[in-house]
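Here the structure is laid out as structure tokens; the discussion comes afterwards.
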Amino acid sequence: MKKKIVIALGGNALGTNLEEQMVAVKSTAIAIVDLIEAGNEVVISHGNGPQVGMINIAMSELHKNNPKYSLCPMSVCVAMSQAYIGYDLQNALREELLSRNITKSVSTIITQVEVNPKDKAFENPTKPIGSFMTKEEADISMKSGKVVIEDAGRGYREVIASPKPVGIIEIETIKSLVEMGQVVIACGGGGIPVIKEGNHLKGVNAVIDKDFASCTLAKELHADCLIILTAVEKVAINFGKPNEKWLHNITTAEIKQYAKEGHFAPGSMLPKVEAAIDFASSKDGRYSLITLLEKAKDGIAGITGTIIT
Ligand code: ADP
Ligand code: MG
């Protein structure tokens, strides 16, 4: 059956530097075009950890070496990462589509995602960004209002808030393109976090988890399926332990119980599981799939992956 699918790409689909990304997007494009060729409507979102890290460090170093260039806010770094990743990804998709004689245009939407300024996450920033700092550098950063933590004896790092997405500003644009049968890349890196101030959208110093933003995107688009592609074929309980057990078909109630028991690591598998539960329970018939990029086709066919219904 043909489906409307939102695919959230993890770090392994994009690589960690310029060279790796150029190579990675090629195999990513093959996996995605397989789903398009089978007749599915596909919308793509992606993470941006290494890329936004690189941009953030580059802009900070520029400021350090030449104060004439002011520090680049995180919201702007996320915008840059969406454009940079979208550029490589949309071209790889275009090439793969053309090589199979499929005429569909591909575009990247610079996407802003609204967050709530009262989100509890702002009171307790947890997401480390940028490079490690010395004690002296950390003190200077803290004086400028940043939150800095000591990271497991490895030095000091800035941490920022990771609030939950509330809504997607460019959703009507995305919907229109999808309705016209085009391929859209949106909500990259979880989207540029913004708060509404009347008619003004103000970028905030935060990062939104791409798994949660992808869930919001899938719900807003009335998708049938949310696929979260990552570095493992299935989700496990007792992950990495001798009694590890891989999950194939599971209900939201069952996996919710495992989450409560602490089987999924916060910051990596937990947000995926939470996003998958949220989407699958949002409407009858919707389901989520967590699997490896190379297994996306088999996952959709119900052969592998963790399928949450
Ligand atoms: P992505 O870039 O796709 O978001 P993450 O590194 O954030 O990837 O999350 C995926 C990783 O989560 C897997 O590679 C795996 O090492 C880890 N992980 C943590 N807990 C589990 C679990 N219970 N089952 C499977 N993988 C897990
Ligand atoms: Mg992740």
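Using C-alpha pairs under 8 Å with a sequence gap of at least 6, the mean separation divided by the residue count of region 245-309 gives a relative contact order of 39 percent. The magnitude of the dipole of the chain, with charges of +1 and -1 set on the Cβ of Lys/Arg and Asp/Glu and taken from the Cα centre, is near 300 debye. Working value for region 1-93: equivalent-ellipsoid semi-axes of 32, 13, 9 Å, each the square root of 5 times a Cα gyration tensor eigenvalue, largest first.
Contact order normalised by length for region 1-156, with contacts defined as Cα pairs under 8 Å and 6 or more residues apart; what percent is it? Contact order relative to length: 21 percent.
Taking the chain as a Gaussian network of alpha-carbon nodes connected by springs under 10 Å, the highest mean-square fluctuation of the residues L62, L226, L14 belongs to L62. Rg and Dmax over the alpha-carbon atoms of region 206-269 stand at 13.4, 41 Å. The alpha-carbon positions of the chain define a convex hull whose volume is 151 Å³ per residue.
Note down the relative contact order for the chain as a percent, whole number, built from C-alpha pairs under 8 angstrom at least six residues apart. 21 percent.
Where q = 0.16, 0.28 Å⁻¹, what log10 of I(q)/I(0) comes from the Debye formula for region 252-309, counting one point per Cα? Here the Debye-derived log intensity ratios amount to -0.49, -1.16. Considering only P242, P163, P73, the mean-square fluctuation computed in a Gaussian network model of the chain, springs between alpha carbons under 10 angstrom, is largest for P242. For the chain, the longest principal axis of the alpha carbon atoms and the long axis of helix 269-280 meet at an angle near 50°. With the helix formula -39500 (n - 2.57) applied to DSSP H stretches of n ≥ 4, the chain reaches a computed 222 nm mean residue ellipticity of -12000 deg cm²/dmol.
Per-residue Karplus couplings for region 12-26, computed as 6.51 cos²θ - 1.76 cosθ + 1.60 with θ equal to phi - 60°, are listed in order as 6, 7, 10, x, 10, 8, 4, 5, 4, 5, 4, 6, 4, 4, 5 Hz, Gly and Pro entered as x. Size of region 109-153: Rg and Dmax of its alpha carbons, in Å, are 13.8, 40. When you filter the GluC sites (Glu not before Pro) in region 193-244 for DSSP loop state and at most 16 other Cβ atoms inside 10 Å of their Cβ, you are left with E244. Relative to the dominant Cα principal axis of the chain, helix 49-65 is inclined by about 20°. Considering only S214, S176, S281, the Gaussian network model of the chain with Cα springs below 10 Å gives its largest mean-square fluctuation to S176. Counting only Cα atoms, region 65-124 measures 50, 35, 15 Å along its principal axes, largest extent leading.
Normalise the Debye intensity by I(0) for region 148-209, one equal point scatterer per Cα, no solvent, then take log10 at q = 0.25 Å⁻¹ and round to two decimals. So the normalised log intensities work out to -1.08.
Along the axis of the charge dipole computed for the chain (Cβ charges of +1 for Lys and Arg, -1 for Asp and Glu, origin at the Cα centre), the listed residues A296, Q51, I169 are led at the positive end by I169. Bridge orientation summary for the chain: considering DSSP beta bridges with both residues in this region, about 40 percent are antiparallel.
All distinct Cα pairs of region 128-177 go into the 1/r average, and the inverse of that average, the Kirkwood radius, is 13.2 Å. Each Cα pair of region 43-155 feeds into the Kirkwood radius, which the Stokes-Einstein equation turns, at 25 °C and 0.890 mPa s, into a diffusion coefficient of 145 µm²/s.
For trypsin sites (Lys or Arg not before Pro), the sites in region 46-125 that DSSP calls loop and that have at most 16 other Cβ atoms within 10 Å are K68, R100, K104, K118. For I192, the residues whose modelled amide H falls within less than 5 Å of its own, excluding neighbours fewer than 5 places apart on the same chain, are T111, Q112, V113. For region 100-193, what is the percent of antiparallel DSSP beta bridges, rounded to the nearest 5? Antiparallel: roughly 65 percent of the beta bridges in region 100-193.
Legend: Rg and Dmax of region 173-287, from Cα coordinates, 16.4, 55 Å.
Please give the Cα centre distance for region 216-245 versus region 117-137, rounded to the nearest Å. Computed from Cα coordinates, the inter-centre distance equals 27 Å.
Every read-out reported here was derived from the displayed coordinates using simple, explicitly stated rules and does not represent laboratory data. Remember, predicted model here, so these are calculated numbers, not experimental data. Counting neighbours? That spans all protein chains shown, and the Cβs are built from the backbone with ideal geometry, glycine included.
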